[in-house]
């Protein structure tokens, strides 16, 4: 795998994104939505300002249970994660690692840190056409302390859903 020889030299950190980091997160979300647009079944166009605009971004600072995290590699911004916690489970709403950091297990290390930070039941859903994300999450979850996951289809979501617990 590319970059494996330097993997141990890279420091991956998760940090909570406070409101003061909202504009940073908004910029990263635009990169994410651009990458994701190739997997959308309906056409995804930018608005007249040239932005995709993630309509739920403000909710991460106004609704209980929503948390935004930045992912850093050696101190540099590398991505983000948006998590919704309900009484039933934690849900990975959005997860993004910039292209230059992919293929180096940066996303895996970041996800595992989030699983450690927020123990309990997890639910992760991917878009039906986004097979790279499906493969990523299957590997990442199964490598997390050899945890077993159940994969199914949620009638309210068009794509696979993995559910697992970080506790036995």
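Derivation of every value follows stated rules applied to the coordinates shown; laboratory data play no part. In this text the structure is predicted, and so the values were computed from the model without any measurement. Glycine gets a Cβ as well: all are built from the backbone with ideal geometry, and neighbour counts include every protein chain shown.
General remarks:
- Shape category assigned to region 66-134 from the gyration tensor of Cα positions, a/c cut at 1.5: oblate
- Over the chain, relative contact order from alpha-carbon pairs under 8 Å, at least 6 apart, %: 20
- Debye equation applied to the C-alpha atoms of region 1-141, log10 I(q)/I(0) at 0.10, 0.11 Å⁻¹: -0.34, -0.41
- Here the residues 90, 112, 59, 145, ranked from fewest to most Cβ neighbours within 10 Å of their Cβ, fall in the order 145, 59, 112, 90.
- Per-residue Cβ neighbour rank within 10 angstrom, fewest leading, 16, 167, 143: 167, 16, 143
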